[in-house]
Amino acid sequence: MKRNIINKIYLIVFGLLFIATLASGQRVMPVVINNDTTLTAGVYIADNNVLISEHATLTFEPGSTLLLKENVVVKLEGGLIMTGTEHQYAQITSQSETKKGIGFLISEISTKPIHISRVQFHKLITPLEFQYEWHREKVTIENSEFKENESFSPGIFIRVPENIEVHSMCDFQFRNNAYMDNVGGIYLENKDQGNFSFKFENNFVYGNRAYGSGFDGWRARHLARRIQH
């Protein structure tokens, strides 16, 4: 009996130490990133909205997880490089399933690239929203998973500006991704603009639902609310 009690106490203490270790291992994201920044593998939490300026690229090393608090958005005016490995996704998710974070809002004109590979977007409101007046020369989203995100606007909303002062093409690749069990579809607006080249191929789309006026899944023509940093 005494040994059982000691074992239970040991398990409780071990559990508390484990939880404390996880908590202490979380690093808080800065509110503004103005220079190229590389974050080593680990768990990062965004307590508040984050701004990545047009002159900066934020790079997450493989093995990274980004947790967003309720209604937190990462506004991307510059570049983003986030990659997982063949056996483990990098992850962007909400800190709480009941108090979801929003996701990434891409805006402004920048020469910095966006490269997302083997990343899971999970339990967010709007994982990726490309605002009006944005441009990048290269956007690659590949081998990633969008799962159980929930929005009454498209979960991936790509607006293509009609008139912007740039001379380079935007090469936009969306390939080999899985888009599953989300509320809110994928919508590409004004795709025929001459300074954008889009390639969507080998994507798996299954079990998604879209609700609200004007929704029809992939072509969910509904303007998402505009989020300002």
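Key figures for this structure:
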item	result
Qualifying residues in the stretch 156-195 (those that are part of a loop (DSSP other than H, G, I, E, B) and either acidic (D, E) or in contact (Cβ under 8 Å) with a residue 40 or more places away in the chain (or both)) - the one most open to solvent (accessible area, probe 1.4 Å)	E165
Residues (open to solvent by 30 Å² or more (accessible area, probe 1.4 Å) and more than 27 Å from E70 (Cβ to Cβ)) located in the stretch 111-141	T111, K112, P113, H115, E133, E137, K138
Wholly within the stretch 34-91, strands (runs of 3 or more DSSP E) carrying at least 1 residues that are on the phi < 0 side of the Ramachandran plot and hydroxyl-bearing (S, T, Y)	37-39, 43-46, 57-60, 65-68, 79-83
Condition check for F204: among the hydrophobic types (A, V, I, L, M, F, W, C), loosely packed, with under 14 Cβ neighbours inside 10 Å and at pLDDT 90 or above	yes
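Table: residues versus (1) touching a residue at least 40 places away in the same chain (Cβ under 8 Å); (2) open to solvent by less than 40 Å² (accessible area, probe 1.4 Å); (3) in contact with a helix residue (DSSP H, G or I) (Cβ under 9 Å, 6 or more places away or on another chain); (4) within 23 Å of K147 (Cβ to Cβ).
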position	(1), (2), (3), (4)
I45	yes, yes, no, yes
H55	yes, no, no, no
T59	no, yes, no, no
L68	yes, yes, no, yes
V72	no, yes, no, yes
K75	yes, yes, no, no
Q95	yes, no, no, yes
I106	no, yes, no, yes
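The values are calculated or read from the model by the stated rules, or taken from the named source; none is laboratory data. Predicted model, so just to flag it, every value in this text is computed and none were measured. For neighbour counting, all protein chains shown are included, and Cβ atoms are generated from backbone atoms with ideal geometry for every residue, glycine included. Areas reflect the complete protein model, heavy atoms only, side chains present, ligands, DNA and RNA absent. Shrake-Rupley method; radii C 1.70, N 1.55, O 1.52, S 1.80 Å.
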